[in-house]
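Presented below is the structure to which this report refers.
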Amino acid sequence: MSPTTRERLAVQFGARFAGDTVRPSSEDELCALLSTLREQQGPPLPIRIDRSLFDSVLSVSPRSGLVEVGAGMTLEAVERVAKGHGLTLGTLNPGARPQRVGEFLEGPCAGLRAVPGGRLEPLAMSVRVVLANGQVYRSPNAPRSAAGPGLESLFFGGGGRLGLIVSAQLRCGPVPTRTEDVTLAFPTPTDLVQALRYALDDGAVIAEAQLYRRASAHVVHARFAGTEAGAVKDANTLARRASAHQGRLTDPDLPSWSARSERELAWAEVIAALAAGRPLRLYRLAVETVWAELDTAEAPERIRPHAALWSAVARLADPALLLGGEG
Amino acid sequence: MTSVTPVSALKLPAPGAVAQVAATELARVLGPAQVSLRDEDRLSYARDMWPKALLWIRQGKIPPPPDLVAWPASEAEVAAVIAVARAHKLAVVPFGAGSGVCGGTIALRGGIALDLKRLETIGRVDPDNLWVEVDAGVIGEVLERNLNEQGYTLGHFPSSIYMSTVGGWLAARSAGQLSNKYGKIEDMVLSLRAVTGAGEVVETPQRPFSGPDLGQVLLGSEGTLCVFTRVRLRVHPVAQHRAFRGMRFKTVEAGVEAMRLLFAAGLRPAVVRLYDPFDTALVGKEKPKKKKDLAPSLRNPLRADLLPAALRKLTPLTLGHPSLMNRAADLFQHCRMILMFEGEPRRTQEEALEAVRLCEKAGGHDEGEAPGRAWFKKRYDVSYKMSKVVDAGAFADTMEVAATWDRVLPVYEAVREAAAGLAFVLCHFSHAYPEGCSLYFSLVSSAGSEANQEKRYDTLWETILEAATGAGANVSHHHGVGVLKAAQLARELGDGRRLLLALKGALDPDGILNPGKLSL
């Protein structure tokens, strides 16, 4: 009688196979695991693949501002490595810091970061991905590419459905030498938000911002981090945009509150929260959307578009539907 | 001596019988005037600006023409064309304005050339959200002028802006001259609409949403997965101020280091272009020479006959010996960098001053505003000078790749070395990011007979792409793949091609969309 898949996994992975979780320690082991699962007769086993052992630093390029790490490293750990080379991932939202790189890139955040001009781009410049059939895909090793469709986008926010990220080259910048704080009060939430968005469009990078209501005013306490000249320049840019939207400098008087959830918000949702008197902390500020800490656990329903199409792509790329992913 | 075949002498193969039936059906849907089987139309859509196709034409060879041309005016009509094409298993080649330089619109399997320029609506800018919705067939310059009238800019200025469409930009992941500040086209797209090869309309949502971003997957698909119909793009208030600068560097290395320092410091000049020494000598001139205004009686024979004839004789003597030319180019040393900042006045001025300080730290010498202003004035000229090279019996092409900063100089050296015996090579560095930049090589060569020209062209491309990718560059930064780089793309994708095939299977199950491109 041939051994069952579970018996084979127990032999292959020993103590690293427990319950329904397997912890491969290398790309070869991950491919071997997928091979074993492919040979399984009948419906796929509900196995959880834990990539926490993919926790190596593969390369650091201070000149190009890139740190290549395994998908199992936490972003906090990556930040420590980067700082050792004078680099930083930039300001991360609190929920992202303990996340593993793979989880951050494949999850709801889609691994996005904000860049000057208020645009969003993936934190990962390139990724290495193991596909369901054990083949390996490496996205172009360049800041931008016009060599066909952006296949790496299949994995950002993809929940591991079409492949498992095993390593990524993460974009870093120089460690800031200066921070600058500015507090501004506005008559309406809309004025406040428009001042922020236009300042972002001008090129200011806002590391984080706290938004709250004080009496009849709507207040933003914004933090800028960069070079000596850069942080001041960005703060001044926001101050100038604020004056065009009826904003005025004020003293910080930060209310104490506890964040209970994090999520990506459209700016209209930020305006609604402020109008309702609810404070927010903002990270990854872009003209399009923002990542927010909220004082509520209620999460608005987010659409998951093109479900039928993704399902069709998945069936063609992974006929055995081996990678169930997270949806 | 090169002989040129008049276009009127070219004979096209007749459209296939199936195409003729399809044309009748399409005429019912689009109107008879919006479908054509005429040779003149088919010939017009048989090529884009791929230099190899120009070589074919010069030899009297016709690139594979489409069987028919269709001009839909709406998304629904695009879907109708796809439905007819599916029913008859006819290929569909989406066509914008034909400015592509990689053969992306060559109708390798005939079929329908789908011209999208009648999809030409430009919406009003939403000032609260800083976006505009635009049809795919709108010409770039028309869009920019419209936005300017509303007080906004897209910030996208490809050299082809007068002869490229929004849909073409999406299909090839285009970049404009001000991409450092405003990003490439993929950075500007908030959502888009497209018709798939299955005839279904898809609309990608704006963030926030859950799951992968289909829009980013479709961008760059060069008509193989879908036909873009409409897009929502980020716009910006028109810049209130511009600051120009020219910097001179003793070496390419110093100039590249200065570019890197600018981006590491968080600066985002709208333009930063570093020309290598010979490119600096050729195109970095501050003041264009005034052309002598000849009397019309002298002008025509001289410019029309005598000069081109002299050039055709001189060209093989110069460009026919690229090694010699390249060695001569090594005598030039200094490189020029063009800088332009634009936006809010005070910020723009501060950034320009900071940039000069950083460049000087890297060994640069400030040449003042004039070189930047001169570049800005002539910024679209170079693209229209290629035809003179072709008239002279030579060929010219450009290769744009991207690399991270630690690979930029190795890629530059590797391509120059590999191309040295095959073409005269110039290079400029532009489209910079904190991680690296694009290297834009201009290549000019002549190989005597037309048959040898084509052979030289193929050898040159195989050699330089191999050298570039071998030294760490990618296959393309913003020209796309088309036919030209399809084999290299397949190598770059490796096992990832499985994903591309899965997308193709899901979005274009009959394989009718632009067959033969992107190695599909």
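Tabulated data
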item: Region A:103-145, residues that are under 23 Å from B:A171 (Cβ atoms) and in contact with a Phe, Trp or Tyr (Cβ under 6 Å, 6 or more places away or on another chain); result: A:P122, A:P143
item: Helices (runs of 4 or more DSSP H) completely within region A:1-91 that count 1 or more residues being under 27 Å from A:F224 (Cα atoms); result: A:75-83
item: Matching entry among B:L108, B:L119, B:L143, B:L114 (being assigned to a loop (DSSP other than H, G, I, E, B), of a type outside the set (K, R) and out of contact with any Ser or Thr (no Cβ under 7 Å at 6 or more places or on another chain)); result: B:L108
item: Among the candidates A:V60, A:V67, A:V81, residue that is over 19 Å from the mean Cα position of the chain (by Cα), β-branched (V, I, T) and within 30 Å of A:P176 (Cβ to Cβ); result: A:V60
item: Residue satisfying all of: in region B:123-156; without any contact (Cβ under 8 Å) to a residue 60 or more places away in the chain and touching a His at 6+ places or on another chain (Cβ under 9 Å); surrounded by the fewest Cβ atoms within 10 Å (Cβ to Cβ) among these; result: B:E144
item: Selected residue (criterion: surrounded by the most Cβ atoms within 10 Å (Cβ to Cβ)) from residues of region B:93-110 that are small (G, A, S) and within 12 Å of the chain's Cα centre (by Cα); result: B:G104
item: Residue under evaluation A:G173, criteria (1) within 7 Å of chain B (Cβ to nearest Cβ); (2) within 21 Å of B:L518 (Cβ to Cβ); (3) not aromatic (F, W, Y), criterion not met; result: (2)
item: Conditions (1) within 20 Å of the chain's Cα centre (by Cα); (2) not in a loop (DSSP other than H, G, I, E, B); number of the one not met by A:Y137; result: (1)
item: Single unsatisfied condition, B:Y275 versus (1) of a type outside the set (V, I, T); (2) surrounded by 24 or more Cβ atoms within 10 Å (Cβ to Cβ); (3) under 30 Å from A:R197 (Cα atoms); result: (3)
item: Whichever residue in region A:104-151 is among the hydroxyl-bearing types (S, T, Y) and in contact with a helix residue (DSSP H, G or I) (Cβ under 6 Å, 6 or more places away or on another chain) and, among such residues, is farthest from the other protein chains (Cβ to nearest Cβ); result: A:S139
item: Selection status of A:C31, within 14 Å of another protein chain (Cβ to nearest Cβ) and at pLDDT below 95; result: no
item: 3 or more residues under 21 Å from the mean Cα position of the chain (by Cα) and at the interface with another protein chain (Cβ under 10 Å from one of its Cβ atoms): qualifying strands (runs of 3 or more DSSP E) within region A:217-327; result: A:261-266, A:289-294
item: All positions within region B:100-122 that are touching a helix residue (DSSP H, G or I) at 6+ places or on another chain (Cβ under 6 Å), β-branched (V, I, T) and touching a residue at least 60 places away in the same chain (Cβ under 8 Å); result: B:I112
item: Lone unmet requirement of (1) within 26 Å of A:G90 (Cα to Cα); (2) touching a residue at least 60 places away in the same chain (Cβ under 8 Å); (3) surrounded by fewer than 21 Cβ atoms within 10 Å (Cβ to Cβ) for A:A268; result: (2)
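The values are calculated or read from the model by the stated rules, or taken from the named source; none is laboratory data. This is a predicted model, so every value here is computed, not measured. Cβ coordinates were reconstructed from backbone atoms using ideal geometry, including for glycine residues, and neighbour counts include every protein chain displayed.
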